[in-house]
Amino acid sequence: MIELKDVSKTFTLHNQGSAVIEVINDVSFAVASGECIALTGNSGAGKSTLMRMIYGNYLTQSGEIRIGDVDLVQAQPREVIALRRDVLGYVSQFLRVVPRVPTLDVVAEPLRAVGVSAEDAQVRAKELLSQLNIPERLWSLSPTTFSGGEQQRVNIARGFAHTYPAMLLDEPTASLDAANREVVLSLIEDAKARGAAIIGIFHDEAARDRVCDREIDVSRFTRGLAA
Amino acid sequence: MTPLLSVQGITKLYGSHIGCADVSFELYPGEVMGIVGESGSGKSTLLNCMAGHLKPDAGAVVFDTRADGPRDTVTMSEPERRMLSRTDWAFVHQHARDGLRMGVSAGGNVGERLMAVGDRHYGNIRDKATDWLERVEIDASRVDDRPTTFSGGMQQRLQIARNLVTGPRLVFMDEPTGGLDVSVQARLLDLLRGLVRDMGLSAIIVTHDLAVVRLLADRLMVMKSGRVVEAGLTDQVLDDPQHAYSQLLVSSVLQV
Amino acid sequence: MTESAYNFAYLDEQTKRMIRRAILKGLAIPGYQVPFASREMPMPYGWGTGGVQVSAAVLTPEDRFKVIDQGADDTTNAVSIRTFFERTAQVATTTKTAQASVIQTRHRIPEEKLSEGQILVYQVPIPEPLRFLEPRESETRKMHALEEYGLMHVKLYEDISRHGHIATSYAYPVKVEGRYVMDPSPIPKFDNPKLGDMAAIQLFGAGREQRIYALPPYTDVVSLDFEDHPFEASKADHPCALCGAEHSYLDEVITDDAGGRMFVCSDTDFCEARQAAGHTGKDAA
């Protein structure tokens, strides 16, 4: 489902003496449907950078990143947008939303984007929010004022609202208590069971061991480069 | 798929000074594109060339018309272009008073485009106007009030209602949130996002506010001195800018 | 100085030719506002300088001239314009609608049906019907050229939203031959139905604004309206107190300080003719 071939990336800092920094060199791996792999490596090894490249958030200079039948490196912006809407989900560590939009709508939005009716989208959003123990009295409020943990859970609910065939998870269990961590892990297991290909970054080793089928050490692609 | 709008080599000169030079891109149905750049970078010139307010010195602006398919709006006759601009196109001005008739009631402002395309039933026009006021979160009881009695945010929302009532397919926006309070901006952005999604609108938004494009635009063009220096997915351009100027622009934004 | 020191009908021949050309163009394009080089006239703007110039251009020595102001032959404006042409053109004058070949009018169309061969000249203060909604002349001209008349209905929409009905009661906009929207000058909308299909030539002159427009005989003229708020030619709901006419346009006349009032025909010639024929209203002396 997700396939990387000879992927490399450099940053050129034009305003800092045109420094060229190679961050990822020659990455190749594939993730099949129903499989979950973990990106590992020390802080600064390039896990998040690689993840963002796979989402198209960072520009990839060379190689191929295939999600389904789209090569993200060559794709037009509108193809990437369609891919993100229908195929490729991303749960980042930070929630980025329009202020003043109620939590319920924030969670329902990915479903509305793929054409689910407002009512059905709300039903699914409510289901996820209660599963993740977001008190009902908060649903009508904007998540921008929530605590870090609450924001993280809203973010996860939003990320899991639509059943993407491919998902990227950046520290999905960070800053969660045991009960919520359990909910998130079971969401991941459900996603795997329905055939989603998942790439995750987990500092939580126990979580990683439970849901991941393989590990890929990113530092072997970056060794000696960014350090 | 046919692009809704295909901009080909648009150039506008002011004497020897470049307004914008050789700008080309394609916009597909449902896409929202942001154009950013500092004052004087040519983004408003470009917008006005595309919307038919300025005649470019070179280039074509090909719009996929409902009746005849792709047509160059630069060379089409003025009546046709004006007809487009009150049916399939909409233009949201930065200052609501440029886009509203301040001496005409809210209902009359919204109804004008309906009457312009031949609606001659007062009751229907008024019902549609009232419906649109509610969609942009203006209380229906204000339908007979003049925009002079509205707040800045309400005026801007009224301008949007007035533009969208005929179900356009392409909306040009010039700094739509400029001059509004931050809290009012947020509400307007949310409203615009909902309308864009629900109506399947395509939009081109000119702004110097990177936060606005991040929330509204799928794609982004960065302009400097009349030229496009970088274009791509909005979050990619903002998070991993490639051109020196884009990097400077992004790194110059104060983090809150 | 004697009257004969003036050229016939005051204006010089070149000027009259220029105005006639504008009139002919106006007749050829009914409802279209033709620009013309309006001259200074020996009367202030707003007193009918446009109508006077048009009259001067169409009058011939054989004509019989009538002037009405708000329907009356005996008001200051009517008397002075009539006298002006008596002195400068030595034309015959009359107050009888049927006997006049050229009738200059301010704010009314005579009640009596006009016939072929007659010319009705209107004094127009503001020829542009779109003016109050779109102040830019460059834009309104373009709107006329491109037949973009949605804005005219905005004005009527505003009327209904504010008053519950179309409250515009004079200078009510019309569409001519399905093409140009035209301001019929400040005639009451009661008179609007007479504009269309009229046997006489109708000429409109705006002196200050330097515009002439025209309706040739038997032109199609439609008052603008909404499907659910159709045009209505309204008048005061009374018979004339002097002649008893039920279907003429009435002036309200205050008769004392105690609220006394009477409604009388605004068309004095029409009213007098009826009274002479033996019709009487309730206040007839």
Exercise. Working only within segment B:26-38, note down all residues that are over 19 Å from B:Leu238 (Cα atoms) and open to solvent by 10 Å² or more (accessible area, probe 1.4 Å).
Key: B:Glu26, B:Tyr28, B:Pro29, B:Gly30
Quiz item: What are the residue pairs meeting all of these: first residue in segment A:68-82, first residue within 12 Å of chain B (Cβ to nearest Cβ), second residue in a loop (DSSP other than H, G, I, E, B) and open to solvent by 40 Å² or more (accessible area, probe 1.4 Å), Cβ atoms under 8 Å, and 6 or more apart or on different chains?
Solution: A:Pro77/B:Asp218; A:Arg78/B:Asp218; A:Ile81/B:Asp218
Self-check item: Which numbered condition A:Gln93 fails, given (1) within 14 Å of another protein chain (Cβ to nearest Cβ); (2) touching a Ser or Thr at 6+ places or on another chain (Cβ under 8 Å); (3) polar (S, T, N, Q)
Solution: (2)
Quiz item: Does any residue of segment B:205-218 turn out to be at pLDDT 90 or above, within 9 Å of chain A (Cβ to nearest Cβ) and surrounded by 22 or more Cβ atoms within 10 Å (Cβ to Cβ)?
Solution: yes
Self-check item: helices (runs of 4 or more DSSP H) lying entirely in segment A:31-117 (those with 3 or more residues that are among the hydroxyl-bearing types (Ser, Thr, Tyr) and buried (at least 19 other Cβ atoms within 10 Å of the Cβ))
Solution: A:47-55
Quiz prompt | Members of segment B:3-17 that are assigned to a strand (DSSP E or B), closer than 29 Å to A:Arg78 by Cβ and either among the β-branched types (Val, Ile, Thr) or open to solvent by 20 Å² or more (accessible area, probe 1.4 Å) (or both) | solution = B:Val7, B:Gln8, B:Ile10, B:Thr11, B:Lys12
Quiz item: Tell me, which residue of segment B:148-179 that is closer than 13 Å to B:Arg97 by Cα and hydroxyl-bearing (Ser, Thr, Tyr) is modelled with the lowest pLDDT?
Solution: B:Ser151
Quiz item: So which residues in segment C:157-170 are more than 8 Å from every other protein chain (Cβ to nearest Cβ) and either on the phi > 0 side of the Ramachandran plot or out of contact with any His (no Cβ under 7 Å at 6 or more places or on another chain) (or both)?
Solution: C:Asp159, C:His163, C:Gly164, C:Ala167, C:Thr168, C:Ser169, C:Tyr170
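Kindly establish whether B:Gly200 is surrounded by fewer than 17 Cβ atoms within 10 Å (Cβ to Cβ), over 26 Å from B:Thr11 (Cα atoms) and more than 13 Å from chain A (Cβ to nearest Cβ). Walk me through how you get there before you give the answer.
Details: surrounded by fewer than 17 Cβ atoms within 10 Å (Cβ to Cβ): yes; over 26 Å from B:Thr11 (Cα atoms): yes; more than 13 Å from chain A (Cβ to nearest Cβ): no.
No: the conditions fail for B:Gly200.
C:Val176: among the β-branched types (Val, Ile, Thr), buried (at least 20 other Cβ atoms within 10 Å of the Cβ) and away from chain B (no Cβ under 14 Å), yes or no? Can you show your working first?
Details: among the β-branched types (Val, Ile, Thr): yes; buried (at least 20 other Cβ atoms within 10 Å of the Cβ): yes; away from chain B (no Cβ under 14 Å): yes.
Yes; evaluated as a whole, the condition is true for this residue.
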Exercise. Working only within segment A:119-161, note down all residues that are farther than 14 Å from A:Asn180 by Cβ, in contact with a Lys or Arg (Cβ under 8 Å, 6 or more places away or on another chain) and aliphatic (A, V, I, L, M).
Key: A:Ala121, A:Ala161
Exercise. Would you confirm whether any residue within segment C:228-235 is crowded, with 20+ Cβ neighbours inside 10 Å and of a type outside the set (Val, Ile, Thr)?
Key: no
Quiz item: Name the pairs whose Cβ atoms lie under 7 Å apart, with the first residue in segment B:76-98 and touching a residue at least 60 places away in the same chain (Cβ under 8 Å), the second charged (D, E, K, R) and open to solvent by 40 Å² or more (accessible area, probe 1.4 Å), and 6 or more positions between them or separate chains?
Solution: B:Asp88/B:Arg66; B:Asp88/B:Arg169
Quiz item: Which residues, counting only those in segment C:225-274, are within 14 Å of another protein chain (Cβ to nearest Cβ) and touching a strand residue (DSSP E or B) at 6+ places or on another chain (Cβ under 6 Å)?
Solution: C:Phe231
Quiz prompt | Conditions (1) more than 24 Å from C:Gly50 (Cβ to Cβ); (2) open to solvent by 20 Å² or more (accessible area, probe 1.4 Å); number of the one not met by C:Ser169 | solution = (1)
Quiz prompt | Unique residue being at negative phi, open to solvent by 50 Å² or more (accessible area, probe 1.4 Å) and modelled with pLDDT of 90 or more when the list is C:Ala258, C:Ala245, C:Ala241 | solution = C:Ala258
Quiz item: Among (1) modelled with pLDDT under 90; (2) within 25 Å of B:Glu31 (Cβ to Cβ), which single condition is A:Thr144 missing?
Solution: (2)
Quiz item: Hey, among the residues in segment B:171-183 that are without any contact (Cβ under 8 Å) to a residue 60 or more places away in the chain and under 16 Å from B:His93 (Cα atoms), which one's least open to solvent (accessible area, probe 1.4 Å)?
Solution: B:Thr177
Quiz prompt | Lone unmet requirement of (1) of a type outside the set (Val, Ile, Thr); (2) over 30 Å from B:Ile18 (Cβ atoms); (3) open to solvent by less than 20 Å² (accessible area, probe 1.4 Å); (4) within 11 Å of another protein chain (Cβ to nearest Cβ) for B:Arg187 | solution = (3)
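Results for (1) open to solvent by 50 Å² or more (accessible area, probe 1.4 Å); (2) in the same structural domain as C:Tyr213 (by TED's automatic domain parsing); (3) more than 30 Å from C:Thr140 (Cβ to Cβ), shown as yes or no for each residue.
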| residue | (1), (2), (3) |
| --- | --- |
| C:Pro30 | no, yes, no |
| C:Val67 | no, yes, yes |
| C:Asp73 | no, yes, yes |
| C:Glu112 | yes, yes, yes |
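Among the listed residues A:Thr10, A:Thr49, identify the single one that is within 11 Å of another protein chain (Cβ to nearest Cβ) and touching an Asp or Glu at 6+ places or on another chain (Cβ under 8 Å). Steps first, answer last, please.
Details: A:Thr49 fails: touching an Asp or Glu at 6+ places or on another chain (Cβ under 8 Å).
Residue meeting the stated conditions: A:Thr10.
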Quiz item: Do any residues in segment B:198-220 that are over 18 Å from B:Asn48 (Cα atoms) have Cβ atoms under 7 Å from those of residues that are hydroxyl-bearing (Ser, Thr, Tyr), where the two are at least six apart or on different chains, and which pairs are they?
Solution: B:Asp209/B:Thr177; B:Val212/B:Thr177; B:Val213/B:Thr207; B:Val213/B:Thr234; B:Arg214/B:Thr234; B:Ala217/B:Thr234; B:Asp218/B:Thr234; B:Arg219/B:Thr234
Practice problem: Check segment C:196-219 and report whether any residue there is more than 30 Å from B:Ser141 (Cα to Cα), in contact (Cβ under 8 Å) with a residue 12 or more places away in the chain, within 14 Å of chain B (Cβ to nearest Cβ) and within 16 Å of the chain's Cα centre (by Cα). | Solution: no
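The values are calculated or read from the model by the stated rules, or taken from the named source; none is laboratory data. This structure is a prediction, so every number in the text was calculated from the model and none was measured. Cβ atoms come from the backbone with ideal geometry, glycine included; neighbour counts cover every protein chain shown. Heads up: the accessible areas ignore ligands, DNA and RNA and are worked out on the full protein's heavy atoms, side chains in. Shrake-Rupley method; radii C 1.70, N 1.55, O 1.52, S 1.80 Å.
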